[in-house]
1. What is the residue count in region 144-167 for residues that are of a type in the set (Gly, Ala, Ser) and under 20 Å from Lys115 (Cα atoms)?
2. Considering only region 77-90, I want to know if a residue exists there that is farther than 20 Å from Thr136 by Cα, among the hydrophobic types (A, V, I, L, M, F, W, C), modelled with pLDDT of 95 or more and over 16 Å from the mean Cα position of the chain (by Cα).
3. Applying the selection to region 116-160, what residues are among the small types (Gly, Ala, Ser) and either touching a helix residue (DSSP H, G or I) at 6+ places or on another chain (Cβ under 7 Å) or part of a helix (DSSP H, G or I) (or both)?
4. Of everything in region 29-44 that's of a type in the set (Lys, Arg) and exposed (fewer than 13 other Cβ atoms within 10 Å of the Cβ), which residue is farthest from Trp131 (Cα to Cα)?
5. When the residues of region 45-81 are filtered to those that are touching a Ser or Thr at 6+ places or on another chain (Cβ under 6 Å) and among the basic types (Lys, Arg), which remaining residue is farthest from Tyr129 (Cα to Cα)?
6. I'd like to check which strands (runs of 3 or more DSSP E) are fully inside region 45-115 and have at least 3 residues that are of a type outside the set (A, V, I, L, M), exposed (fewer than 11 other Cβ atoms within 10 Å of the Cβ) and free of Cβ contacts under 8 Å to residues at least 12 places away in the same chain.
Amino acid sequence: MKRLLSLLSVVLLSVCSMAGDIDNSVVKNFELKRFLGSWYEVARYDHWFERGMERTKASYSLRSDGKIEVRNTGLKNGKPKESKGKAKTTDTPALLRVSFFGPFYSDYRVMLIDKNYQYALVGSSSDSYLWILARTPKLTNDVKALILKEAKRRGYDTSKLIWVKHE
């Protein structure tokens, strides 16, 4: 039991220290109601739960219990795939807690948002997750450059981004 607790402590400390290399602070002025709706996943870091996915889209809507319904759709090997989850707000407006697996929640940090809520840069509590979202499947080169510059400034490795196919 002591060995297991020691191992867990080491793992937790490692995860916590990884987040210290990045600036994953959230935007100051965030309006959840403006964020709700559909977003295309323009780019992402590779994760096992999205590996091979194309045409990915996320939809957020307010539930009657005050939580947020999260619905992710896309194609994997040409076949439709969907996952449903939930999110809850925190005392920090641009920091949500998202769950797709029972009672387990993860940080969802809106780190950059366009003043018209047309694109966003989203991270988590570590440097292992990064998404670029937009209301349209493609971004202009200027907007893409602006988002990438912000991600790099924050310490993220933008060379690891996978650009999602939406054709």
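The values are calculated or read from the model by the stated rules, or taken from the named source; none is laboratory data. For clarity, every value in this text was computed on a predicted model and none was experimentally measured. Reconstructed Cβ throughout: ideal geometry from the backbone, glycine too, with neighbour counts over all protein chains shown.
1. If we filter region 144-167 for residues that are of a type in the set (Gly, Ala, Ser), which is where we start, we get 145, 151, 155, 159.
Add one more test, that the residue is under 20 Å from Lys115 (Cα atoms), and what stays is 145, 151.
Residues in region 144-167 being of a type in the set (Gly, Ala, Ser) and under 20 Å from Lys115 (Cα atoms): 2 in total.
2. For region 77-90, residues farther than 20 Å from Thr136 by Cα, among the hydrophobic types (A, V, I, L, M, F, W, C), modelled with pLDDT of 95 or more and over 16 Å from the mean Cα position of the chain (by Cα): absent.
3. First pass over region 116-160, keeping only residues among the small types (Gly, Ala, Ser): 120, 123-126, 128, 134, 145, 151, 155, 159.
Selection gives Ser125, Ser126, Ala145, Ala151, Ser159.
4. Applying the first criterion (of a type in the set (Lys, Arg)) to region 29-44 yields 33-34, 44.
With exposed (fewer than 13 other Cβ atoms within 10 Å of the Cβ) added as a condition, the list becomes 33-34.
Values: Lys33: 20, Arg34: 18 Å.
Restricting to residues being of a type in the set (Lys, Arg) and exposed (fewer than 13 other Cβ atoms within 10 Å of the Cβ), the top hit is Lys33.
5. Filtering region 45-81 for residues touching a Ser or Thr at 6+ places or on another chain (Cβ under 6 Å) gives 57, 59, 69, 71-72, 74.
Next cut, among the basic types (Lys, Arg) only: 57, 71.
Details: Lys57: 16, Arg71: 18 Å.
Ranking the candidates gives Arg71 first.
6. On the way: elements: 53-62, 68-76, 79-88, 95-101, 104-113.
Counting at least 3 such residues, we get 79-88.
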